[in-house]
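The structure appears right after this line, and notes come after that.
The values are calculated or read from the model by the stated rules, or taken from the named source; none is laboratory data. Everything numeric here is computed off the predicted structure, so don't read it as measured data. Cβ placement follows ideal geometry from the backbone for every residue including glycine, while neighbour counts extend to all protein chains displayed. When the accessible area is computed, the model is the full protein with side chains, heavy atoms only, and any ligands, DNA or RNA have been set aside. Shrake-Rupley method; radii C 1.70, N 1.55, O 1.52, S 1.80 Å.
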Amino acid sequence: MKYYCMTLFPEMIEQAMNTSIIKRAMENGILDLETINIRDYTNNKHGRVDDYTYGGGAGMLMQAQPVYDAYQAVKEKMNGQTTRVIYVTPQGRPFHQQAAAELAAEEQLIFLCGHYEGIDERVLEEIVTDYYSIGDYVLTGGELPALVMMDAVARLVPGVLNNEESATTESFYDGLLEYPQYTRPEEWMGRRVPEVLLSGHHANIEKWRLEQSIERTRQRRPDLYEKKYGGEK
Ligand code: ADE
């Protein structure tokens, strides 16, 4: 998987991606990241990339020209290949695990991070294929949402996680939250690890974990519970 990330703050993207599991995957050649500093492409002699909005209103908007020229530079790097261009915005459709799985099947992805009050609509219409939001709240820029998406997608790319980190039995696998987990010691601050987990009886452990997953989902995420079991009595 190769990520291209168009941003005004490439160092923010690079620092976060140069950590832990994602860093290891990049070192192993399974993931690749190239940041494109949108400011490098402005025609403005003072390096400006933003301006006031037509029609008035608070805040500045990123202009079409530098974003479009940055995109043309990415296309050149891709030798004529095309791929999805993802703009992260609170006005996008909600990003979730299923979307991460779909995106993980792509060979490359382009992320576009906005700043200020957003980006001139005309360049979005021209280049963006997918609009995604990571939740119903507003952040100061698109870098954190792009990082969230890159991380969620990366861990589904074969070879990024090792066996112990493997993705299959975690939260949102099969629409349920993950069951509670415990490590040593057996007793901590008077709280014991549930006996069934010490029993070595695998069928009982599986049954207990599924029950815990269902109950946890019902309590904490009634919306997910309803989606999974809503049709049943
Ligand atoms: N940019 C600012 N807030 C955002 C959000 N919640 N999701 C995606 N992009 C954003």
>> Anything in segment 75-102 that is more than 16 Å from the ligand (Cβ to nearest atom) and touching an Asp or Glu at 6+ places or on another chain (Cβ under 8 Å)? List them, or say none.
In response: K77, T83
>> I'd like the full set of residues that are open to solvent by less than 20 Å² (accessible area, probe 1.4 Å) and over 12 Å from the mean Cα position of the chain (by Cα), limited to segment 110-127.
In response: I110, L112, C113, G114, G118, I119, V123, L124, I127
> Regarding E164, is this residue assigned to a helix (DSSP H, G or I), outside the structural domain of L103 (by TED's automatic domain parsing) and away from the ligand (no atom under 14 Å from the Cβ)?
Replying inline: yes
> Considering segment 176-208 alone, what residues qualify as being open to solvent by 100 Å² or more (accessible area, probe 1.4 Å), part of a loop (DSSP other than H, G, I, E, B) and within 21 Å of Q219 (Cα to Cα)?
Replying inline: Q181, Y182
>> Take V153 and tell me if it is in contact with a strand residue (DSSP E or B) (Cβ under 9 Å, 6 or more places away or on another chain), within 16 Å of V88 (Cβ to Cβ) and part of a loop (DSSP other than H, G, I, E, B).
In response: no
>> Please verify whether L147 is open to solvent by less than 70 Å² (accessible area, probe 1.4 Å), part of a helix (DSSP H, G or I) and more than 15 Å from P66 (Cβ to Cβ), treating the condition exactly as stated.
In response: yes
>> Anything in segment 185-212 that is among the small types (G, A, S) and over 36 Å from the mean Cα position of the chain (by Cα)? List them, or say none.
In response: G190, S199, G200
> Which ones in segment 84-118 are of a type in the set (G, A, S), free of Cβ contacts under 8 Å to residues at least 60 places away in the same chain and out of contact with any Gly (no Cβ under 6 Å at 6 or more places or on another chain)?
Replying inline: G92, A99, A100, A101, A105, G118
> Give me the pairs: first residue in segment 131-149 and assigned by TED's automatic domain parsing to the domain that holds M6, second residue near the ligand (Cβ under 6 Å from one of its atoms) and in a loop (DSSP other than H, G, I, E, B), beta-carbon distance under 6 Å, and six or more apart or on different chains, which are they?
Replying inline: P145/I134; V148/I134
> When the residues of segment 124-141 are filtered to those that are within 18 Å of E106 (Cβ to Cβ) and outside any strand (DSSP E or B), which remaining residue is nearest to the ligand (Cβ to nearest atom)?
Replying inline: V128
